[in-house]
Every structure is written in structure tokens, then in C-alpha cells.
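Notes to accompany the following structure.
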Amino acid sequence: MRLRPSAALVLVLLTCCGAEAETAGGLSGAKAGAAPAATRVCDLISEDEVRSIYAGMRIELTDYAGPVGPTSFDSCQITVDHGTTTSPLVPFLLQVSIDPVTPGEHREMLARFVIDGLGPSTELTGLGDAAHFVGAGFLQVYDDERVLRVQGGGDENAIQLAELVLPRLPDLAPAPELGTEPACDAVTSQAEAVLGAPAETRRDRQTVDELRCEWSAGREILSATIRGYGDEVGRMWSAERPGAETIDVGGLRDNGVYMRAGGIYLWMGDQQVGLYLRHRPHVPADDRAALARLADAFAPSLLDVAPRVGPARGGVPSGGEAGPGSLS
């Protein structure tokens with residue numbers, strides 16, 4: 001089953017007073033020539049603003065790096081606690097692209113959703129340059145070379161959240177400079193074997209909760225997502241994907257799943273540290289062995305890397321592709 005549980009451009013969380021002082025054109029205090037007011041997606045919203053849309057007793061905003069791909073995103077996971085014991089917490093994602101997106105690339109994303117089985121999109125007027133619902137609970141808005149996504153939380157709420165965030169996108173810091181993390185560097189040769197060529201571009205990202213590695217060559221993108229906590233939903237999700245195959249990784253038995261749709265999901269140790277590998281475009285006959293070798297190369301270091309990633313906060317995202325293999 002494929003887990004759909006779930007990287008970040010942002011603004012300093014607004015206080016109650018700050019929210020009132022905000023201008024229609026962006027966050028209060030933003031000045032021409034000043035440093036960008038937002039460095040994370042979670043900085044673009046405040047807990048009070050989220051509560052005004054979704055209600056709830058407690059709101060939690062958590063940074064996530066990614067998903068990475070031909071277009072890379074940073075994400076803010078939003079958890080709304082309504083204070084009931086009968087309704088489980090179901091976090092959802094607010095995502096913003098960190099690279100400029102052309103109209104053609106936006107159209108390619110919509111076409112990819114159809115290929116990936118999410119179904120045709122439904123156009124929504126009056127929001128950004130273009131807006132579409134891609135399946136239930138997944139809103140994508142294209143505006144001024146940015147893509148904004150809300151995955152989960154209800155359609156009407158998603159529209160309200162997008163209307164709140166869109167005017168603030170100019171306040172976001174530019175895309176982070178390309179960089180690498182040692183844990184990703186250590187397996188670059190195996191990653192390049194998947195690509196079939198030396199990596200032309202690297203962009204690794206680390207937040208409190210995740211480590212993301214990205215290698216690209218031409219239009220081929222290979223990404224790895226490491227989370228330092230158990231992900232039972234991901235395990236179930238991956239094993240139930242059509243054509244999924246249980247595999248052995250790192251000398252352990254039945255601790256990985258290869259998915260013909262394009263990835264390997266595996267877990268290690270008592271923490272069930274999770275690793276999700278994704279290759280696009282994906283050729284099942286060519287990728288299986290190379291992805292398995294990359295998973296084996298990662299396996300010995302996962303338990304060492306995971307504590308730097310940190311424990312889960314607010315649960316596992318669900319809906320859309322917000323977990324392993326988040327939409328990209």
C-alpha cells in the first residue's frame with residue numbers, strides 16, 4: 001500500500017497584533033530593499049489565521065522540505081486539533097514552489113496528475129493566474145511563476161487559505177542555494193547509477209523533521225526522503241500499491257517495498273526510520289535493481305542520520321501525495 005502521509009518557504013509567524021497591522025499587499029513591516037520577511041512556508045500564516053478558517057482548539061505548523069522534483073517545493077504541515085477523542089488528527093499540507101515555474105511547466109504538472117491516476121483537474125476561476133482542483137481536497141494555484149498547493153483540509157477551506165497566502169508570496173525568500181548534505185553525498189555514486197549519468201545538479205534540504213536528497217541529470221530527477229520516526233501509514237500505503245513487491249533491504253527481511261509506479265519505501269530499526277526513493281521519469285524494468293542498490297547503500301547510515309532529522313510532530317500527513325513521494 002502506498003503511504004500518502006507527505007519543504008519550506010516562509011514568513012515569521014504572525015502575532016495577533018501583527019496580523020491586524022498587516023496590509024493588503026503583504027506582511028506588516030516589509031520594506032522595499034529589506035530582507036525577505038518569510039523564509040519558510042509556515043511563516044506565511046499564523047496559528048490564529050488558520051484557526052479562523054478551520055476552527056479547532058490547537059493549531060500546529062510544522063516545516064517540511066520538499067517534495068523535490070522537476071519543480072521543488074517547500075511545505076508547511078498544518079495540524080488542527082478540535083479537542084475531541086473520536087476524531088483522529090489529520091494533518092494537511094500547504095506547499096509553495098521554490099523555483100520559477102513557467103505556464104508550460106504548470107500545464108505539464110496537470111497532465112502528470114492524470115498520468116499518475118489522480119484524474120483530470122477541474123478549473124477554478126478567480127484565483128491567481130490559474131487554479132485547479134486535482135481530485136478531492138487538492139487545490140493547485142499558479143500565480144506569478146509560483147505554484148501554491150493545499151492538500152487536504154476541505155475544498156472551501158483550501159480556497160480561503162489560498163486567498164490568504166497568495167498576496168504574501170512576494171514576501172518569500174528566493175530559492176535556497178544549491179547545496180549538499182554529507183549523508184546524501186555518501187551514496188551519490190549509487191544515485192548516479194539510477195540516473196545512468198553523473199548528477200548535473202544537487203539540492204539537499206534538511207529540516208527538523210526530514211532530510212531530502214536530490215540528484216538530477218537533464219530532466220531526470222532522483223530524490224530520497226528520510227524521516228526519523230515510524231510511519232505505519234507509509235508502510236501500508238506502499239505495500240498496497242498496484243504491482244507492489246516486498247523486498248529485503250540492508251540485510252533485513254521484508255523491510256522494503258518496490259513500487260512499479262516509481263519508488264522504494266523502506267524502514268529500519270526499532271524507530272522504523274523511513275526512507276522513500278523516487279525516480280522520475282520511471283521505467284520499472286530498468287529502475288528496480290538500481291533503486292534497490294541505492295536503498296542498500298543508504299541502509300547502514302539511516303539510524304545514524306535519523307536522530308539529526310528529529311521526531312515526528314503533529315502526526316503523519318494524509319491525502320494527496322503528501323508523504324512518501326509527495327507530488328512533484
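The values are calculated or read from the model by the stated rules, or taken from the named source; none is laboratory data. Predicted model only: the values in this text are computed from it and were never measured. In this analysis, Cβ positions are derived from the backbone assuming ideal geometry, glycine residues included, and neighbour counts consider all displayed protein chains. Heavy atoms of the whole protein, side chains included, go into the accessibility calculation; ligands, DNA and RNA do not. Shrake-Rupley method; radii C 1.70, N 1.55, O 1.52, S 1.80 Å.
Spin-label model, His282 to Gln160: label points 7 Å out along the Cα-to-beta-carbon direction sit 3.6 nm apart.
How large a share of the accessible area of the stretch 41-171, in percent, is made up of carbon and sulfur atoms when the probe is 1.4 Å and the other protein chains stay in place?
Numbers: 2660 of 5150 Å².
C and S atoms contribute 52 percent here.
Distant-in-sequence amide contacts of Ala131, defined by a placed amide H-H separation under 5 Å and a gap of 5 or more residues or a different chain, comprise Leu124, Tyr142.
Coupling constants for the stretch 124-137 follow from the phi torsions by the Karplus curve (6.51 cos²θ - 1.76 cosθ + 1.60, θ = phi - 60°), and in residue order they are 10, 8, x, 9, x, 6, 7, 9, 9, 8, 10, x, 5, x Hz; glycine and proline get x. Think of the stretch 182-308 as having a plus end and a minus end, set by charges on the Cβ of Lys, Arg, Asp and Glu; of Gly256, Cys213, Leu275, Cys213 sits farthest toward the positive end of this dipole. With θ taken as phi - 60° and the Karplus curve 6.51 cos²θ - 1.76 cosθ + 1.60 applied, the whole-hertz 3J(HN,Hα) list for the stretch 285-291 is 5, 8, 8, 4, 5, 5, 5 Hz, x standing for glycine and proline. Take the Cα of Ser301, step 7 Å toward its Cβ, do the same at Val90, and the gap between the two points is 3.8 nm. Given their separation in residues at 0.36 nm each and the Cα-Cα distance between them, Arg107 and Ala197 gain 29.6 nm when the chain is fully extended.
What GluC sites (Glu not before Pro) does the stretch 123-206 have in DSSP loop regions with at most 16 other beta carbons within 10 Å? Can you show the working numbers first?
Values: sites: Glu123, Glu145, Glu156, Glu163, Glu177, Glu192, Glu200; in loops: Glu145, Glu177, Glu200.
Listed in order of number, the matching sites are Glu145, Glu177, Glu200.
Label point of Val114 set 7 angstrom out along Cα-Cβ; within the stretch 133-153, amide nitrogens under 17 Å from it belong to 133-136, 140.
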